[in-house]
1. Given the criterion modelled with pLDDT of 95 or more, under 28 Å from the mean Cα position of the chain (by Cα) and under 29 Å from Lys71 (Cα atoms), identify the matching residue among Asn337, Asn291.
2. Among the numbered criteria (1) touching a residue at least 12 places away in the same chain (Cβ under 8 Å); (2) touching an Asp or Glu at 6+ places or on another chain (Cβ under 9 Å), which one does Ser112 miss?
3. Could you identify the single residue in Val329, Val346 that is among the hydrophobic types (A, V, I, L, M, F, W, C) and either within 30 Å of Ala84 (Cα to Cα) or touching a Cys at 6+ places or on another chain (Cβ under 7 Å) (or both)?
4. Criterion first (assigned to a helix (DSSP H, G or I), out of contact with any Asp or Glu (no Cβ under 7 Å at 6 or more places or on another chain), β-branched (Val, Ile, Thr) and farther than 18 Å from Leu359 by Cβ) does Val59 satisfy it?
5. Filter the stretch 157-183 down to residues that are closer than 16 Å to Val398 by Cα and assigned to a loop (DSSP other than H, G, I, E, B), then give me how many there are.
6. For residues in the stretch 270-309 being polar (S, T, N, Q) and surrounded by 21 or more Cβ atoms within 10 Å (Cβ to Cβ), which is nearest to Val333 (Cα to Cα)?
7. Could you pull out the residue among Glu189, Glu200, Glu195 that is modelled with pLDDT under 90 and either among the aromatic types (Phe, Trp, Tyr) or closer than 23 Å to Gly410 by Cβ (or both)?
Amino acid sequence: MTSVAEKTMKSPLERLSEQELEKLAKELDAIHDEVFADLGERDRRYIKTVISVQRQIVVAGRILLLGSRSKTAWILGTACLGMAKILENMEIGHNVMHGQWDWMNDPDIHSSVWDWDTASTAEAWKHSHNYIHHTYTNILGKDKDLGYELLRIDPAQKWAPRYLFQPISNLLLTLLFEWGVAIHDMDIEAIRRREKPWSEVRKDLRGISGKARAQIIKDYLGWPLISAGAFALVQLAARGRLDQPPRSRVGKALRRAGGGRLGSAADLLDKLLPGVESTYLRTLGADALANVIRNVWAHAIIFCGHFPDQTYTFTPEEVENETRGGWYVRQLVGAANIEGSPLFHVISGNLGYQVEHHLYPDMPSSRYSEIAPKVKDICERYELPYNSGRFSKQWLMVHRTIFRLAFPGGKPRRKPGPYRSPTDRPGMQRPSEGARFRERVPAEHPAAAPNTSPAASRCSRHRAATTDRTLGSRRSARISEMNRYRRPLVNDDRWCISFGPPAAYPRGCGAARCADLG
């Protein structure tokens, strides 16, 4: 029998047979198909509501910053802008460009036309992220997101002296994350090896410079000027009664340059400009800080979803001739979830469900919380880990790794064992299988009506083990209860106590011929 210690260090790809991988792929495919068959108005309403709320938060922030002479208004306005930028990047832009909402055929909310408010161009990001990262997830030498070609985040990565500075590099990357990602999207390694044509490099640089120019004009010229102009109009309407600094910076500069000859002009500017200047600079500062807030948050969520101790990396040899089931397993164990509230998941772009996102990058993010229990159930039955942890725990693990691997050496951290639901843990009572069955069938089905079923052991295919003591005293009652739900169906199928009718079986479950059900 394989020990828990051996299971935690051995790659999950090695533990599953080809037949198990094939069955697992069919079960995970079935979850995808089930969700996409159910997509409809509530999903459409969700994304349109998020977009509407994000824009309302922007408007609220801009209105508050008109009164940025007030410290409270400035703080609230900056917070609104930071939140709006987070929503725009994480829950809207990232997910729309994954094609999660393409099924709506909305001409405005579609991966082919959407662009986002960040330094990366949509085209470059979709190639580096959607294709490279989500195809070659955590494959050493192929997944460019493993450290963003800047950091050493896995002991298998060869150490170089430049990594000694990676704690500082990581801090700079945190503050300037959108620019780091934009440069990363260019594939610096390919440029260094002269594998990327200069025509493509120039195209990428033009794209980044265009996005940079747009952001500078919008955040550091346009909106500050609008705020300053609005203050000037209100000041005129109030006949100069609004509070403002006593001196103008421009007037002060004129006095210095003119040596007193421009004193009258400086005095006039002191009457007109101080409030306008102050509003402009405060709005500019708010916009800059909002961009930093977005960068810090995005860096934290992305790093915590990919680089904690629990995640696995793979060599190209390990994934050679990879099947669909193998791809699913690699996505499953190459990502980590972050536990949090519903609000936390929305502002993280639902990337707190990084495991589900890597399994189904094209699935609407609002559905990840619904499928998470099904993914956990599959992990439990196939003895696979389900990586998850508190935000603080994941963040500390990531940064401990960054500091440790700045130096030569380093060993892989211990990996978690197979996922076990909370009710499987010592000292906790498991719910009866009858209760589990009733939770899985539609409410209108007769099988869902009573809630007094005696405990039943799960079939061996579903891996749960109930003690002989519990089973012995209730076996006859359990068999009677199970017989209530047996129905002769086509191909001699039977109702499964865990999954209901054959139509509800995860593909490849094998429950129709389960030994416990006959």
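The values are calculated or read from the model by the stated rules, or taken from the named source; none is laboratory data. Please read these numbers as outputs of a predicted model, since none were measured by experiment. A quick note on method: Cβ atoms are made from the backbone with ideal geometry, for glycine too, and the neighbour counts reach across all protein chains shown.
1. Every option except Asn291 fails the conditions.
2. Exception for Ser112: condition (1).
3. Only one candidate qualifies: Val346.
4. yes
5. 1
6. Asn295
7. Criteria check complete, one pass: Glu189.
Yes or no, residue by residue, for (1) among the hydrophobic types (A, V, I, L, M, F, W, C); (2) surrounded by 14 or more Cβ atoms within 10 Å (Cβ to Cβ):
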position	(1), (2)
Tyr368	no, yes
Ile371	yes, yes
Lys374	no, yes
Tyr382	no, yes
Ser392	no, no
Val398	yes, yes
Pro408	no, no
Gly417	no, yes
